[in-house]
Amino acid sequence: MYNEKVIEHYSNPRNVGEIENASGIGEVGNPVCGDIMKMYLQIEDGIIKDVKFKTFGCGAAIATSSISTELIKGKTIDEALKLTNKDVVDELGGLPPVKLHCSVLAEEAIRTAIADYLRKQGNMTEEEILEKCKLDKGGQCSHCHDVVEE
């Protein structure tokens, strides 16, 4: 069901843990399957210097969390906001269709953590933050609603 890269990231996830006094924290969950992801960002001068995650969920949820942290570490906020759930799936070499929602959670966790960081900066309105992060008022990716759930 899973390819070698997904299994590797599930078995040996990268960047697991918490960042004390994180610049931004994003927590998202999927009520259908019960997966919960929490993403911690340390941002300095607009660059993601460190990123950690804690995920409660299936192997695909852990693998998508792990790979997504690798993809945004060292990137600017704007570069990280360009990461899509499709990029996460492609980097992993694919996921079974029934597990695509895990890649959506990874993208949403990053966007939500960046939105939290921007709120803490205090120089943008909530509407500007939601627009920049492509989140709806419920904190979900405004462009990810078409992904099929389990």
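Each reported figure results from applying straightforward, stated rules to the coordinates on display, with no laboratory input. Quantities reported herein were computed from a predicted structural model and do not represent experimental measurements. Methodologically, a virtual Cβ is constructed for each residue, glycine included, from the backbone with ideal geometry; neighbour enumeration extends over all protein chains shown.
What pairs in 52/132; 99/132; 52/99; 86/120; 86/134 have C-alpha atoms more than 25 Å from each other?
Numbers: 52/132 22 Å; 99/132 27 Å; 52/99 22 Å; 86/120 29 Å; 86/134 15 Å.
In this structure, 99/132; 86/120 lie more than 25 Å apart at Cα.
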message = Using only Cα atoms and rounding to the nearest 10 degrees, what angle (0 to 90) does helix 59-72 make with the longest principal axis of the chain?
response = 40
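Does region 37-93 come out rounded, prolate or oblate, given a ≥ b ≥ c as the square roots of the eigenvalues of its C-alpha gyration tensor, rounded meaning a/c under 1.5 and, failing that, prolate meaning a/b above b/c? Please report the intermediate quantities before stating the final value.
Values: a/c = 2.69, a/b = 1.43, b/c = 1.88.
It comes out oblate by the Cα gyration axes.
Output the peptides 115-128, 97-110, 72-85, 34-47 sorted from most to least packed, where packing is the average of other Cβ atoms within 10 Å over each peptide's residues.
97-110, 34-47, 72-85, 115-128
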Computed magnitude of the charge dipole of the chain (debye, nearest 20; Cβ of K, R +1, Cβ of D, E -1) = 220
